[in-house]
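Let me begin by presenting the structure, written as structure tokens, before commenting on it.
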Amino acid sequence: MEQATAKQTKRVALGVLLASLVMIMAFYFAGRLTMPVVWGALLGAAVAVGDFILLGLALQKAVKDEVNAKLIVKASYNVRVLITVAAVVVGFYAPVFNIIAVAVPLLAARITLYILRYLESKQPVETDHE
């Protein structure tokens with residue numbers, strides 16, 4: 001994994017972790033914290049971070065293989081969507097998971113990306129002064 005991808009993955013993982021912890025605390029203070037909530041948070045966080053890792057790896061591969069780049073990105077997207085849908089379906093039907101606890105980390109990954117993109121757009125552009 002390239003350094004830039006690893007850095008962004010760590011940032012997304014941190015955002016997912018923070019959102020998951022806030023969610024678990026909310027369940028705790030509401031008196032609703034159960035093991036399905038914890039297992040759901042773990043499943044959702046694992047899928048969210050795994051999704052981002054797979055995206056990064058696919059984009060790296062696509063950059064190196066310009067001929068098949070579109071196919072690589074499209075196949076990666078389809079696989080990642082299927083994994084996410086499978087996690088949501090399992091979270092909904094399996095009593096060992098709480099569906100809300102599965103969904104929050106999945107949404108947190110997207111929100112984290114939007115926040116990171118916004119913060120990066122507000123940073124001044126560095127220029128080389130010679």
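Sort out which residues of region 92-122 are more than 15 Å from Gln8 (Cα to Cα) and within 16 Å of the chain's Cα centre (by Cα), and write them in order of number. Listed by number, the residues that qualify are Ile100, Ala101, Val102, Ala103, Val104, Pro105, Leu106, Leu107. Take Leu42 and tell me if it is surrounded by fewer than 13 Cβ atoms within 10 Å (Cβ to Cβ) and assigned to a helix (DSSP H, G or I). So Leu42 fails the test. Of all the criteria given as (1) modelled with pLDDT of 95 or more; (2) open to solvent by 80 Å² or more (accessible area, probe 1.4 Å); (3) polar (S, T, N, Q), the one not satisfied by Gln3 is (1). Out of all the residues in region 85-97, which are in a helix (DSSP H, G or I) and more than 15 Å from Val47 (Cβ to Cβ)? Result: Tyr93, single match.
Before we move on, is Met35 within 20 Å of Pro95 (Cα to Cα) and open to solvent by less than 40 Å² (accessible area, probe 1.4 Å)? Walk me through it before giving the result.
Values: within 20 Å of Pro95 (Cα to Cα): yes; open to solvent by less than 40 Å² (accessible area, probe 1.4 Å): no.
In short, no.
Residues of region 19-35 that are more than 23 Å from Val81 (Cα to Cα) and in a helix (DSSP H, G or I): Leu21, Val22, Met23, Ile24, Met25, Ala26, Phe27, Tyr28, Phe29, Met35.
So for region 64-84 (the condition being surrounded by 15 or more Cβ atoms within 10 Å (Cβ to Cβ), assigned to a helix (DSSP H, G or I) and over 18 Å from the mean Cα position of the chain (by Cα)), does at least one residue qualify? Within region 64-84, one or more residues are surrounded by 15 or more Cβ atoms within 10 Å (Cβ to Cβ), assigned to a helix (DSSP H, G or I) and over 18 Å from the mean Cα position of the chain (by Cα).
Among the residues examined, Phe97 qualifies as open to solvent by 30 Å² or more (accessible area, probe 1.4 Å), farther than 20 Å from Leu18 by Cβ and in contact (Cβ under 8 Å) with a residue 60 or more places away in the chain.
Ala26 passes every criterion in (1) touching a residue at least 12 places away in the same chain (Cβ under 8 Å); (2) in contact with a Lys or Arg (Cβ under 9 Å, 6 or more places away or on another chain); (3) over 20 Å from Glu2 (Cα atoms) apart from (1). Only one of the numbered conditions (1) open to solvent by 30 Å² or more (accessible area, probe 1.4 Å); (2) touching a residue at least 12 places away in the same chain (Cβ under 8 Å) is not met by Gly91, and that is (1).
The values are calculated or read from the model by the stated rules, or taken from the named source; none is laboratory data. Note that the coordinates shown come from a computational prediction; the quantities given were computed from them, not determined experimentally. Please note: Cβ atoms are built from the backbone with ideal geometry, for glycine as well, and neighbour counts cover all protein chains shown. Side chains included, ligands, DNA and RNA excluded: accessible areas come from the protein's heavy atoms. Shrake-Rupley method; radii C 1.70, N 1.55, O 1.52, S 1.80 Å.
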